[in-house]
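Inspection log for the structure reproduced underneath, given as structure tokens.
The values are calculated or read from the model by the stated rules, or taken from the named source; none is laboratory data. Here the structure is a predicted model, which is why all the values come from computation and not from measurement. All Cβ positions, glycine included, derive from the backbone under ideal geometry; neighbour counts span all protein chains shown. Keep in mind that these areas ignore ligands, DNA and RNA; they rest on the heavy atoms of the full protein, side chains included. Shrake-Rupley method; radii C 1.70, N 1.55, O 1.52, S 1.80 Å.
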Amino acid sequence: MSLNLSVFLTKRRRAIYGMAAFCLVTVVAVGVIASNRWFPQTSISSAIENVPDLAVAVSAKAEPETVPVAQPSPTPERITAELIVITPRGFEPSVIRRPAGRVLLAVVNKSEQPDMTLRLLGPNNVFLRQMAMPRNRRRFSIPITLTPGRYRIVDVNRPNVVCNIEITP
């Protein structure tokens with residue numbers, strides 16, 4: 001009878017190890033498939049990718065400062081963002097109209113171009129900024145103050161791909 005028990009325990013142990021190995025291989029395979037984007041994009045993952053990485057600067061002090069309740073705290077300057085998506089067809093949106101002031105230009109690259117160089121041109125095609133986007137960099141943001149006029153974001157490698165920005169007073 002002890003022989004049957006030991007055979008049963010050996011078979012049970014083999015089954016457990018086999019299931020564990022199968023689960024491990026399945027988890028690794030799903031991870032590889034997901035990292036290579038072989039699964040179709042859902043609307044949630046697409047919306048998450050469209051959100052640029054934004055960093056908030058926080059100042060740290062060695063000693064905490066006590067603030068009286070009667071004093072109102074100063075409000076930080078508000079900044080609005082414009083989301084620009086680069087697709088194989090070009091910029092989306094291709095035209096942006098907004099009032100003058102501080103803006104965060106958030107750019108998401110979905111064009112799958114190997115390397116991109118974008119230029120921000122001001123009124124009269126005055127060069128303002130140049131941004132390099134290597135293949136591994138899919139998004140970036142530029143805080144900038146824009147005065148009234150017409151601006152353009154141009155892909156250096158594809159000069160016909162343009163995003164026009166119209167700033168009103």
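Count of segment 79-90 residues, restricted to those that are assigned to a strand (DSSP E or B), aliphatic (A, V, I, L, M) and open to solvent by 60 Å² or more (accessible area, probe 1.4 Å), is 2.
Every residue, every condition in (1) modelled with pLDDT of 80 or more; (2) of a type in the set (Val, Ile, Thr), yes or no:
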{"residue": "1", "(1), (2)": "no, no"}
{"residue": "9", "(1), (2)": "yes, no"}
{"residue": "35", "(1), (2)": "no, no"}
{"residue": "41", "(1), (2)": "no, no"}
{"residue": "44", "(1), (2)": "no, yes"}
{"residue": "49", "(1), (2)": "no, no"}
{"residue": "53", "(1), (2)": "no, no"}
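In segment 156-169, the residues that are more than 16 Å from residue 128 (Cα to Cα) and aliphatic (A, V, I, L, M) reach residues that are surrounded by 15 or more Cβ atoms within 10 Å (Cβ to Cβ) and at pLDDT 85 or above with C-beta atoms within less than 7 angstrom, at least six apart or across chains, in these pairs: 161/90; 161/91; 161/155. For segment 149-167, residues that are closer than 16 Å to residue 93 by Cβ, of a type outside the set (D, E, K, R) and either open to solvent by 60 Å² or more (accessible area, probe 1.4 Å) or under 23 Å from the mean Cα position of the chain (by Cα) (or both) total 7. Of all the criteria given as (1) under 14 Å from residue 158 (Cα atoms); (2) modelled with pLDDT of 90 or more, the one not satisfied by residue 95 is (1). Identify, please: which residue in segment 91-148 is among the charged types (D, E, K, R) and in a strand (DSSP E or B) and is, among those, surrounded by the most Cβ atoms within 10 Å (Cβ to Cβ)? If we take residues in segment 91-148 being among the charged types (D, E, K, R) and in a strand (DSSP E or B), then 139 is surrounded by the most Cβ atoms within 10 Å (Cβ to Cβ).
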